[in-house]
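To start, the structure under review is shown below, and the notes come after it.
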Amino acid sequence: MSVTARPRAASAPAGKTEPAAAKRAGSGNHWIRKADADQTRASFPELFFDLVFVFALVQLAKTLATDFGPTALAEAALLILAIWWIWIHTTWVTNLLDTEQDPVRLMLFLLMFGGILLAIALPGAFADHGFAFAMIYCSMQIGRSVFMLFAYRRVDAASFRTFLRITLWLVLASLFWLVGSQMETTARIALWSVALLIEYLAPALRYYLPGLGRSAPETLDVSGKHMAERCALFVIICLGETILTTGRNAAEHMTDDMTFAVFCSAFLSTGFMWWIYFHHGQEKAADKAEATSKPEALSLNLFTYGHLPIVSGVILTAVGEDFSLSHAEEESTMKTALAVLGGPALFLAGNIWIKLAAARQFPISHVVGLAGLAAAGMLFAVAANYHLQFLATAILFVVAIWEYLALRGASASTA
């Protein structure tokens, strides 16, 4: 979502002027965050809203672990895209709004309720619950956007027109969601793919519409630090879901020493992923988003699109760890190898994107890690599931240690 947020209390970066919208906000609708408000910290209503997605991610991981064939994988990819898009759109909106205001809190609570219903419908989204899933999804997306039209009416004409464009794009996408929900599996996948393509292309096209044109770039000031913290918290939610899934599966299959060893490996994998993301990349992303003269474009790159492979990788890793725990000594297949090794690979690819965009540093350790995971994948025909799990953990460990030592050496050389 390429709309921007209210200016921070801190001074703007050099060369930037206070947007006109910010000057008007104080005398306009009190739902909009005031110019002197602190946007660098997530508010309690936002954190409360995030709790819903723990349930949604658990549902998604469970659905994937139950059926991981080619069709199920395509379905899961669409569901991940949908869940992320709801969350990141809401994050952009709460960047603009004063979440201490009652109408804003009520809007978030309604979105929470919709999110719970969406998570309940999620396992049957490509079966009997397709229409319910599509209706809930479209209602959440369009309803939130319409709320923003009311928030910006008579406050800022440019922002109002931006949300008008967003609403119309979402209405267009909803047609494909709702029609697709009435189709059989193949047609539903195709139409829902078109719907998501429309929604994901819209910000990159700055919501162009005939007669309305495009939204102007960098019209307001984004709180990059707030966006960075919100995305970091979502990554923690995903990692926490992985821990929950691992613990649940370990409790069900803790029958021998091998299961315990796989559990330890899975737990360490999650810890190494946390280290790889938070030790360097997340901090650099926050600093870059705070200091840039183009916060809207950077936030779109770093957070809206850039965190998607990281989140997807963590979810897929949880599925792979489920396979490793429940079928530790079974011979691996291409399917299980894709989950066990593909999750860490997606995660590393997303971190490469973030670290290149934020710090202009090419993390060689991550590329070596990707190569190692690809090499490990060639062994699936002669390896058991636990072998691949141990290899994935070892590769993540090497990446984490390599980057730590490289950064420490670079700091020492510049001291």
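Quick check on this structure: which one of Lys284, Lys288, Lys294, Lys225 is within 27 Å of Val52 (Cβ to Cβ) and either in contact (Cβ under 8 Å) with a residue 40 or more places away in the chain or surrounded by 24 or more Cβ atoms within 10 Å (Cβ to Cβ) (or both)?
Testing whether each residue is within 27 Å of Val52 (Cβ to Cβ) and either in contact (Cβ under 8 Å) with a residue 40 or more places away in the chain or surrounded by 24 or more Cβ atoms within 10 Å (Cβ to Cβ) (or both) leaves just Lys225.
Given the condition of a type outside the set (D, E, K, R), surrounded by fewer than 23 Cβ atoms within 10 Å (Cβ to Cβ) and touching a Leu at 6+ places or on another chain (Cβ under 6 Å), answer yes or no: does some residue in segment 350-359 qualify? Looking through segment 350-359, at least one residue is of a type outside the set (D, E, K, R), surrounded by fewer than 23 Cβ atoms within 10 Å (Cβ to Cβ) and touching a Leu at 6+ places or on another chain (Cβ under 6 Å).
Set side by side, the residues Ala158, Ala134 differ, and just one is buried (at least 19 other Cβ atoms within 10 Å of the Cβ), of a type outside the set (Phe, Trp, Tyr), touching a Ser or Thr at 6+ places or on another chain (Cβ under 8 Å) and in a helix (DSSP H, G or I), which is Ala134. Scanning segment 138-187 for residues that are free of Cβ contacts under 8 Å to residues at least 40 places away in the same chain, more than 13 Å from Tyr207 (Cα to Cα) and of a type in the set (Val, Ile, Thr) yields Ile142, Val146, Val179, Thr186.
One residue stands out among those in segment 255-278 that are closer than 14 Å to Glu321 by Cβ and free of Cβ contacts under 8 Å to residues at least 60 places away in the same chain: the one that is least open to solvent (accessible area, probe 1.4 Å), which is Thr270.
As a summary of the residue check, Leu308 satisfies the conditions (1) surrounded by 21 or more Cβ atoms within 10 Å (Cβ to Cβ); (2) under 22 Å from Pro363 (Cα atoms); (3) modelled with pLDDT of 90 or more; (4) among the hydrophobic types (A, V, I, L, M, F, W, C) except for the one numbered (1). Across segment 377-407, the number of residues qualifying as of a type in the set (Gly, Ala, Ser), farther than 10 Å from Leu341 by Cβ and within 26 Å of the chain's Cα centre (by Cα) comes to 2.
The values are calculated or read from the model by the stated rules, or taken from the named source; none is laboratory data. Predicted model, so just to flag it, every value in this text is computed and none were measured. Note: ideal-geometry Cβ built from the backbone for every residue, glycine included; neighbour counts use all protein chains shown. Accessible surface areas use protein heavy atoms only, side chains included; no ligands, DNA or RNA. Shrake-Rupley method; radii C 1.70, N 1.55, O 1.52, S 1.80 Å.
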